[in-house]
Amino acid sequence: MAHCKHFDFDELQRQEYQPGLEGKIATHHMKLYHLVVTMERPIVLEFGVDKGRSTCVLLTACEKTGGHLYSVDIRDCSDVAESEAWTFIQQNDQAIGDVLAQAPALASGIDLLHIDSLHRREHVLRLLMKWFSYVKAGGFITFHDVDPTPYLPGQRKDNPRHEFEAIGVAQVIREFFYANEDHLFLEYHFGSTGMGIMRKLTPFGISPNPPMSLRTRQVIVSPAGLWWSTQHMLRSLGRRFFKRQGV
Ligand SMILES: C[S@@+](CC[C@H](N)C(=O)[O-])C[C@H]1O[C@@H](n2cnc3c(N)ncnc32)[C@H](O)[C@@H]1O
């Protein structure tokens with residue numbers, strides 16, 4: 001059984017689908033576990049270890065399936081877990097050549113790639129463009145921290161910088177998804193800071209299309225809009241007036 005320094009897998013499992021914030025966080029991470037535990041000898045790669053919550057669930061699933069987890073962090077997080085099924089790589093996750101040199105098995109195909117390192121639009125995009133082709137057809141790319149809502153004004157984690165970063169990350173995932181839509185499925189789980197799960201059907205080794213620019217309409221006051229709202233307002237005033245007269 002994987003030994004995780006800061007997390008107890010059984011406790012995370014107990015928290016799954018329980019009410020409250022801890023229940024949400026555990027439920028999102030247990031989704032990673034459920035994906036991996038159904039695979040046969042999976043090769044799993046995660047970016048961003050820190051105290052190792054995702055490491056703990058992914059590693060437990062790898063141990064149960066004869067798979068292997070490779071965890072990359074720019075800082076030394078080598079002591080957060082202990083297991084024969086685990087390799088920690090201290091590296092910048094964008095240094096693809098260096099990561100592959102320390103984990104050559106990744107070059108034969110990744111079953112699940114979990115992205116939870118630097119939550120910035122450009123960073124997530126570079127990871128997607130560099131690592132996408134290494135994920136096997138039918139494999140998964142998962143993303144933690146995809147929902148800006150908790151960072152909005154007055155919300156639990158009110159923080160303008162994180163709000164803009166999370167908006168950027170959510171947007172680039174959507175742009176990437178629509179640029180490669182024919183071969184992708186994408187689902188989001190809200191609550192806490194959100195978890196995104198992308199399933200890839202594109203064959204291994206094929207590079208993705210770059211993200212598609214998605215323009216939104218500007219809110220403008222048009223003559224047609226003004227005419228519509230004036231009519232709407234007059235109709236509702238008329239209804240109220242006649243109701244008061246008892247007509
Ligand atoms: C949000 S934490 C990861 C949390 C972890 N997945 C968990 O579930 O507990 C983000 C981590 O990403 C690491 N990180 C930041 N930039 C990185 C980079 N360019 N390459 C690799 N790791 C990076 C940080 O050192 C930090 O430990």
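Read-outs throughout are calculated quantities, based only on the coordinates presented, and are distinct from any laboratory measurement. Fair warning: this is a prediction, and the values are worked out from it, not measured in the lab. So basically every Cβ, Gly included, is an ideal-geometry build from the backbone, and we count neighbours across all protein chains shown.
Values for this structure:
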quantity: Residues T216, T149, sorted so that the one with the fewest Cβ neighbours within 10 Å comes first; calculated: T216, T149
quantity: Distance (nanometres) between label positions extended 7 Å along Cα→Cβ at I167 and L100; calculated: 3.7
quantity: GNM result for the chain, Cα springs below 10 Å: residue of L35, L100, L118 fluctuating most strongly; calculated: L100
quantity: Sorted by Cβ neighbour density within 10 Å, fewest at the top, the residues M129, M198; calculated: M129, M198
quantity: For the chain: relative contact order, % (alpha-carbon pairs under 8 angstrom, 6 or more apart); calculated: 15
quantity: Ordering of 53-61, 152-160 by burial proxy (mean other Cβ atoms within 10 Å per residue, highest first); calculated: 53-61, 152-160
quantity: Farthest toward positive dipole pole in the stretch 3-216 [+1 Lys/Arg, -1 Asp/Glu at C-beta], among G139, V44, F9; calculated: G139
quantity: D79 versus R14: modelled label distance in nm, points set 7 Å from Cα along the beta carbon direction; calculated: 2.6
quantity: Angle between the chain longest axis and helix 21-37 axis [Cα atoms, degrees, rounded to 10]; calculated: 50
quantity: Extension gain, E181 back to M129 (0.36 nm per residue minus Cα-Cα distance, nm); calculated: 17.2 nm
quantity: Selected from S222, F190, P211, residue furthest toward positive end of dipole (the stretch 190-247; charges at beta carbon); calculated: S222
quantity: At R0 = 45 Å, FRET efficiency that the Cβ-Cβ distance of R41 and H6 yields, to 0.05; calculated: 0.95
quantity: Within the chain: Cβ-based charge dipole about Cα centre, in debye rounded to nearest 20 (Lys, Arg +1; Asp, Glu -1); calculated: 1860
quantity: Cβ-based net charge around W86, under 14 Å, with every Lys or Arg adding one and every Asp or Glu removing one; calculated: -4
quantity: For the stretch 101-247, the fraction of alpha-carbon pairs in successive 5 Å shells from zero, as %; calculated: 2, 8, 14, 16, 13, 9, 8, 7, 6, 5, 4, 3, 2, 1, 1, 0, 0
quantity: Directionally averaged projected area (convex hull, Cα atoms, the chain), nm²; calculated: 18.6
quantity: Protection proxy ranking, peptides 175-183, 233-241, 202-210, average beta carbon neighbours within 10 Å, highest first; calculated: 175-183, 202-210, 233-241
quantity: 0 to 90° range, to nearest 10: angle between helix 53-65 axis and the chain longest Cα axis; calculated: 60
quantity: Per-residue Cβ neighbour rank within 10 angstrom, fewest leading, L128, L214; calculated: L214, L128
